[in-house]
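Shown next, in structure tokens, is the structure this report addresses.
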Amino acid sequence: MHVLIYWASPLQRDECHERFLPRGADAVAIAIAHDERMMLKTMTVGLLAPPWAAIPPPGYGGTESVVCQLARGLTAAGQQVVLYATSDSTAPVPTLYAMATADWDRIGHGEVELPHVMHGYEALAGCDIIHDHTLLGPAWALASGYDRVVTTCHGPFSGDLRAIYRRYGKRLPVVAISHDQAAHAPEIAVDRVIHHGLDPDEYPVGGGDGGYLLFLGRMTPDKGVREAVIAARAAGEPLVIAAKNREPAEKAYFTEQVMPLLTDDVHVVGEVTGSAKLSLLGGAKALLNPIRWAEPFGLVMIEAMACGTPVIACPNGAAPEIVETGSTGFLCSDPAELVAAIHRVDQLSRDACRAAIIQRFSTARMVADHLALYQEVVAR
């Protein structure tokens with residue numbers, strides 16, 4: 001069964017828009033673009049989210065967090081937004097759904113995703129444009145004759161995904177989330193690169209006075225948890241590990257590779273969200289993010305910087321597009337460089353970290369980039 005949340009009146013809709021308007025830095029950015037927006041056609045944008053987590057996610061979930069920011073930002077920019085997600089979603093926009101709850105435990109299962117996207121396209125058929133954040137959705141759109149569809153690939157263009165998105169790119173606009181992601185598959189016709197954004201005012205600036213380094217992410221080898229422990233210990237700094245550790249592979253990695261390294265200088269707090277996450281980010285001397293794979297973006301890096309916390313990472317994936325060495329953090333190619341960077345992190349300006357987010361990674365900028373794409377697609 002589909003449920004649509006309708007506004008009872010235009011006044012109620014406008015009050016909701018006002019409630020969720022960005023404040024401060026994002027409000028300034030939107031105000032600057034106001035005249036340009038008035039030139040644009042107001043659209044009804046359908047956002048098709050994956051069925052694996054609610055929008056916004058109650059815990060770990062980068063894609064779902066971005067979809068929520070996009071929904072809120074488009075609404076603040078004067079667009080009408082309809083979200084197709086799961087019924088446990090709480091994003092402040094009209095929401096349609098077929099699934100009662102998100103199904104993280106069956107992530108990647110086609111028998112879960114395909115019915116979700118089939119119902120989703122039917123539900124969003126009246127929108128001016130559909131922005132699809134799923135894997136199987138674009139295939140259904142092409143097979144069923146839906147036009148005015150754009151899709152964002154939130155994962156790497158590798159393995160089977162590379163061939164899938166090569167075919168998608170020939171038929172509809174594909175958005176990449178970093179230049180590095182796009183560069184790994186030059187044969188894919190990427191329409192444009194749009195970096196993720198966040199609302200700076202949702203991330204209070206911290207003083208970094210907690211006396212610890214922070215690892216925040218998933219308990220997996222490609223995130224570099226073990227390397228973070230080793231580097232922090234070599235630098236003589238305490239480390240807090242706040243990591244999602246729910247899946248069998250994550251638990252096995254923790255037991256076999258991380259647990260044997262734990263001593264009193266490492267504090268494992270588990271998965272954190274909301275104010276607890278913001279407190280950890282703001283209190284950290286630095287985010288220690290020694291990623292070991294070509295991560296397409298890395299939302300945690302801009303979350304840290306929004307709190308004024310510099311990032312110590314490896315030059316893999318999108319990290320060089322986010323972190324400016326010597327200004328907002330350090331990019332380190334080996335363990336010795338990680339240790340040296342930890343010793344130098346006090347030289348960095350937390351104000352510079354915050355400023356980089358306002359200037360380059362705000363929700364307002366992300367929304368403006370998407371609106372430009374939507375307008376082009378609708379005009380074709």
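The values are calculated or read from the model by the stated rules, or taken from the named source; none is laboratory data. Every value quoted in this text rests on a predicted model; they were computed, and no experiment measured them. Using ideal geometry, Cβ is built from the backbone for each residue, glycine included, and neighbour counts are taken over all protein chains shown.
Entry remark, the range 64-106: residues being of a type in the set (F, W, Y) and either crowded, with 20+ Cβ neighbours inside 10 Å or touching a helix residue (DSSP H, G or I) at 6+ places or on another chain (Cβ under 6 Å) (or both) number 2 in total. A single member of V117, V149, V112 is over 17 Å from the mean Cα position of the chain (by Cα) and within 23 Å of A372 (Cβ to Cβ), and it is V149.
Evaluate the following for T101: is it polar (S, T, N, Q), at pLDDT below 95, closer than 18 Å to V378 by Cβ and not assigned by TED's automatic domain parsing to the domain that holds K244? No, not satisfied.
Taking the stated definitions as given, is A91 free of Cβ contacts under 8 Å to residues at least 40 places away in the same chain and under 24 Å from Y374 (Cα atoms)? Judged against the criteria, A91 is a match. All of (1) buried (at least 19 other Cβ atoms within 10 Å of the Cβ); (2) without any contact (Cβ under 8 Å) to a residue 60 or more places away in the chain; (3) of a type in the set (A, V, I, L, M) hold for A183 with one exception: (1). Confirm whether G61 is of a type outside the set (F, W, Y) and surrounded by 17 or more Cβ atoms within 10 Å (Cβ to Cβ). The answer is yes for G61.
Taking the range 261-288 as the region of interest, how many residues are among the basic types (K, R) and not in a helix (DSSP H, G or I)?
1
In this structure, does G126 turn out to be surrounded by fewer than 14 Cβ atoms within 10 Å (Cβ to Cβ), under 20 Å from the mean Cα position of the chain (by Cα) and not in a strand (DSSP E or B)? So G126 fails the test.
Of the candidates V339, V367, V345, the single residue that is β-branched (V, I, T), within 20 Å of P200 (Cβ to Cβ) and either in contact with a strand residue (DSSP E or B) (Cβ under 8 Å, 6 or more places away or on another chain) or buried (at least 19 other Cβ atoms within 10 Å of the Cβ) (or both) is V367. Determine whether the range 129-139 contains at least one residue that is in contact (Cβ under 8 Å) with a residue 60 or more places away in the chain and assigned to a helix (DSSP H, G or I). Within the range 129-139, one or more residues are in contact (Cβ under 8 Å) with a residue 60 or more places away in the chain and assigned to a helix (DSSP H, G or I).
Just one of the listed residues (V268, V258) is touching a strand residue (DSSP E or B) at 6+ places or on another chain (Cβ under 6 Å) and at pLDDT 95 or above, namely V268. Filtered by the rule that a residue be more than 23 Å from T328 (Cβ to Cβ), of a type outside the set (G, A, S) and either free of Cβ contacts under 8 Å to residues at least 60 places away in the same chain or not in a helix (DSSP H, G or I) (or both), the range 355-375 gives no residues. Looking at the range 204-243 only, could you name the residues that are in contact (Cβ under 8 Å) with a residue 40 or more places away in the chain, more than 20 Å from S279 (Cβ to Cβ) and among the β-branched types (V, I, T)? Matches in the range 204-243: I230 only.
Among the residues of the range 327-342, which ones are in a loop (DSSP other than H, G, I, E, B) and over 22 Å from G282 (Cβ atoms)?
Initially, the range 327-342 is screened for residues in a loop (DSSP other than H, G, I, E, B), giving 327-328, 332-334.
Correct list: C332, S333, D334.
If we keep just the residues of the range 323-336 that are surrounded by 14 or more Cβ atoms within 10 Å (Cβ to Cβ) and touching a residue at least 40 places away in the same chain (Cβ under 8 Å), which is nearest to L213 (Cα to Cα)? The extreme case among them is G329. Among the residues examined, S275 qualifies as of a type in the set (S, T, N, Q), surrounded by fewer than 18 Cβ atoms within 10 Å (Cβ to Cβ) and free of Cβ contacts under 8 Å to residues at least 24 places away in the same chain.
In the set (1) in contact with a strand residue (DSSP E or B) (Cβ under 7 Å, 6 or more places away or on another chain); (2) not assigned by TED's automatic domain parsing to the domain that holds D160, P221 fails one condition alone, (1).
Within the range 60-105, which residues are in a loop (DSSP other than H, G, I, E, B) and under 13 Å from the mean Cα position of the chain (by Cα)?
Scanning the range 60-105 gives Y60, G61.
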